[in-house]
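What follows is a single structure, written as structure tokens, with notes after it.
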Amino acid sequence: MYKDKRYMVLTNLIKSIRVDNNLTQVELAEKIRKAQSYISKYESGQRKLDIFEIKDICNSLDMSLVEFVQKFDEELANYEK
């Protein structure tokens, strides 16, 4: 589970963007050449992502890493209010 609530904001944002792009966990996993369980584990907080993995996910969701970080910063600011 999430020890740091900021990580929950991060994974919820990735999931939200995935859903907004009408992708299932299986479809996203195929795009980044990982198993569906990889997606499930980070979305549920059982696995942490590094910057390279986040970049790969962003690329597969047609989003730049910079754009993603900006959205994450906005979500984090809203969460911390």
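Points to keep in mind about this one:
- Inter-residue pairs, beta-carbon under 9 Å, first under 22 Å from L23 (Cβ atoms) and in the range 57-80, second exposed (fewer than 11 other Cβ atoms within 10 Å of the Cβ) and not hydrophobic (A, V, I, L, M, F, W, C), 6+ apart: L61/D20
- Selection from the range 42-58 of residues that are surrounded by 14 or more Cβ atoms within 10 Å (Cβ to Cβ) and either polar (S, T, N, Q) or part of a helix (DSSP H, G or I) (or both): Y42, E43, E53, I54, K55, D56, I57, C58
- Residues of the range 12-41 that turn out to be outside any helix (DSSP H, G or I) and either at positive phi or among the small types (G, A, S) (or both), as a count: 3
- Count of the range 59-81 residues, restricted to those that are assigned to a helix (DSSP H, G or I) and either among the hydroxyl-bearing types (S, T, Y) or touching a Ser or Thr at 6+ places or on another chain (Cβ under 6 Å) (or both), is 2.
- Per-region count, the range 2-30, residues among the hydrophobic types (A, V, I, L, M, F, W, C), surrounded by fewer than 13 Cβ atoms within 10 Å (Cβ to Cβ) and either closer than 14 Å to A77 by Cα or out of contact with any helix residue (DSSP H, G or I) (no Cβ under 6 Å at 6 or more places or on another chain) (or both): 1
No value in this document is a laboratory result; all are computed from the given coordinates. No experiment lies behind these values; they were computed from the predicted model shown. Backbone-built Cβ (ideal geometry, glycine too); neighbour counts: all protein chains shown.
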